[in-house]
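> This is the structure I want to talk about, given as structure tokens.
The values are calculated or read from the model by the stated rules, or taken from the named source; none is laboratory data. Being a predicted model, the structure only gives us computed values, none of them experimental. Note that each Cβ is placed from the backbone with ideal geometry, even for glycine, and that neighbours are counted across all protein chains shown.
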Amino acid sequence: MHPTISKMQEIVAKGDEQAMKEILSPNVQFKPPTYYKTWTGRDPVAAILGHVGKIFQDFAYTRIMGHDKNWALEFKCKIGDLDIVGVDLITLGEDGLIDILEVTMRPLKSISELREAINSRVLKDPRFLKFKSALS
């Protein structure tokens, strides 16, 4: 397995922004399940993933598929009492860091709950005024 994918398995549920930055390319593109725009850049993407790691409960990767630059990491977790199943679709760059991270999830009710939880946290995080310009 690729070292970046192994490291992601270790850190994603911890909400550790600094550790996330170490595996993200400087111009990483993040396509979240709760928002149609793409977030671009290591700092805003690490900040978002840091918040997500603190919202998800009982997070675990259940299947990992891929090789070379393309990976799919299936996960399950909870937000409150709601169950989530999702997939992290990852494209690695030449440097082995994450260039593209697209997340798909179901069911819709859980995605809505995640969106509310993220918005609540982001509105209290002053960095996101600066990061807003990172939206493509």
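> Which ones in segment 98-120 are crowded, with 17+ Cβ neighbours inside 10 Å and within 24 Å of residue 24 (Cβ to Cβ)? Give the steps one after another, and end with the answer.
Within segment 98-120, the first condition is being crowded, with 17+ Cβ neighbours inside 10 Å, and the residues that meet it are 98-101, 103, 105, 110-111, 113-114, 117-118.
Result: 98, 99, 100, 101, 103, 105, 111, 114, 117, 118.
A quick yes/no check of all residues on (1) among the aromatic types (Phe, Trp, Tyr); (2) more than 16 Å from residue 100 (Cα to Cα); (3) surrounded by 20 or more Cβ atoms within 10 Å (Cβ to Cβ):
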position	(1), (2), (3)
6	no, yes, no
10	no, yes, no
19	no, yes, no
24	no, no, yes
28	no, no, yes
35	yes, no, no
45	no, no, yes
57	no, yes, no
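> Conditions: (1) more than 13 Å from the chain's Cα centre (by Cα); (2) more than 23 Å from residue 113 (Cα to Cα); (3) modelled with pLDDT of 90 or more. Residue 98 meets all but one. Number of the miss?
Status for residue 98: all satisfied but (1).
> Restricting attention to segment 32-65, which residues are farther than 21 Å from residue 120 by Cβ and touching a residue at least 24 places away in the same chain (Cβ under 8 Å)?
Here is the first cut: in segment 32-65, the residues farther than 21 Å from residue 120 by Cβ are 38, 40-42, 60-65.
Hits for segment 32-65 are 38, 40, 41, 60, 61, 64.
> Residues in segment 101-136 that are part of a strand (DSSP E or B) and modelled with pLDDT of 85 or more: how many?
Going residue by residue through segment 101-136, those that are part of a strand (DSSP E or B) are 101-106, 135.
This time we only want the ones that are modelled with pLDDT of 85 or more, so: 101-106.
Going through segment 101-136 one residue at a time, the tally reaches 6.
> Then there is this: How many of the residues in segment 77-98 are touching a residue at least 60 places away in the same chain (Cβ under 8 Å) and in a loop (DSSP other than H, G, I, E, B)?
Residues of segment 77-98 touching a residue at least 60 places away in the same chain (Cβ under 8 Å): 77, 88, 90, 92-93, 95-98.
If we keep only those that are in a loop (DSSP other than H, G, I, E, B) as well, we get 93, 95-97.
Within segment 77-98, residues that are touching a residue at least 60 places away in the same chain (Cβ under 8 Å) and in a loop (DSSP other than H, G, I, E, B) number 4.
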